[in-house]
Amino acid sequence: MKNHTRNRRLLCVLVALAACALGNPLRASVVPATNAADEAAIRENVRQMEAGWNTKSGALFAKPFAPDADYVVINGLHMRGREAIEQSHQRIFDTVFKNSTLSLSVKQLRFLRPDVAVVHVLGHNKTRQGEETRAIDAIVTLVMTKEKGDWKIAAFQNTAVAAEQTPPASQTR
């Protein structure tokens, strides 16, 4: 009887381990395999924003955004809609950022579903002001959705990256 009980327990443990090793079929559907064409389209949207900025075209910068996109600026201002994004960027391209260049690079791209992706982008902006050049680093979080075969930016959050600081000696111990 002892051997029978021990064998049953062992069988239960093995079945549980096998279930864990095989994974949950529902979990597999949540994390889809990446698609090279989708990744390329998403990266092209990032490239298009960069090109729009560097050619000072609000229309080109805003083109990859969904018509109802949310856009949160580095200072916390929240804009809604592609048209507002286009107009506000044209204003800054014509004024405070007319002598700037922007470099964007995709740091991470993760598909949440086949039609939804989160993209983290590193940004580096250099702006000439007279004899001085001011540089700003940022990390941008994008939520992109695929609608009717096209990837569009549904949400944009721009966060300044603080200059690296050395913690006080009391915090490094």
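The values are calculated or read from the model by the stated rules, or taken from the named source; none is laboratory data. Predicted model only: the values in this text are computed from it and were never measured. Note that each Cβ is placed from the backbone with ideal geometry, even for glycine, and that neighbours are counted across all protein chains shown.
Residues that are surrounded by 14 or more Cβ atoms within 10 Å (Cβ to Cβ), farther than 18 Å from ARG43 by Cβ and free of Cβ contacts under 8 Å to residues at least 24 places away in the same chain occur at least once in the range 62-79. Looking only at the range 118-136, residues that are surrounded by 13 or more Cβ atoms within 10 Å (Cβ to Cβ) and not hydroxyl-bearing (Ser, Thr, Tyr) come to 10 in all.
Please determine whether any residue of the range 108-121 is closer than 25 Å to ALA41 by Cβ, among the polar types (S, T, N, Q) and more than 19 Å from the chain's Cα centre (by Cα). Break it down stepwise before answering.
Going residue by residue through the range 108-121, those that are closer than 25 Å to ALA41 by Cβ are 108-121.
If we keep only those that are among the polar types (S, T, N, Q) as well, we get 108.
Next cut, more than 19 Å from the chain's Cα centre (by Cα) only: none.
There is no residue in the range 108-121 that is closer than 25 Å to ALA41 by Cβ, among the polar types (S, T, N, Q) and more than 19 Å from the chain's Cα centre (by Cα).
Look at ASP68 and say whether it is on the phi < 0 side of the Ramachandran plot and outside any helix (DSSP H, G or I). Can you show your working first?
Values: on the phi < 0 side of the Ramachandran plot: yes; outside any helix (DSSP H, G or I): yes.
Considered against the rule, which asks whether it is on the phi < 0 side of the Ramachandran plot and outside any helix (DSSP H, G or I), ASP68 comes out as yes.
What do you reckon, is GLU83 modelled with pLDDT of 95 or more and in contact with a helix residue (DSSP H, G or I) (Cβ under 9 Å, 6 or more places away or on another chain)? So GLU83 passes the test.
So which of THR55, THR34 ends up being surrounded by fewer than 18 Cβ atoms within 10 Å (Cβ to Cβ), at pLDDT below 95 and either among the hydroxyl-bearing types (Ser, Thr, Tyr) or not assigned by TED's automatic domain parsing to the domain that holds ALA155 (or both)?
Details: THR55 fails: at pLDDT below 95.
Answer to the selection: THR34.
Is it the case that the range 106-122 has a residue that's assigned by TED's automatic domain parsing to the domain that holds ALA41, farther than 16 Å from GLU39 by Cα and in contact (Cβ under 8 Å) with a residue 12 or more places away in the chain? Yes - at least one qualifying residue is present in the range 106-122.
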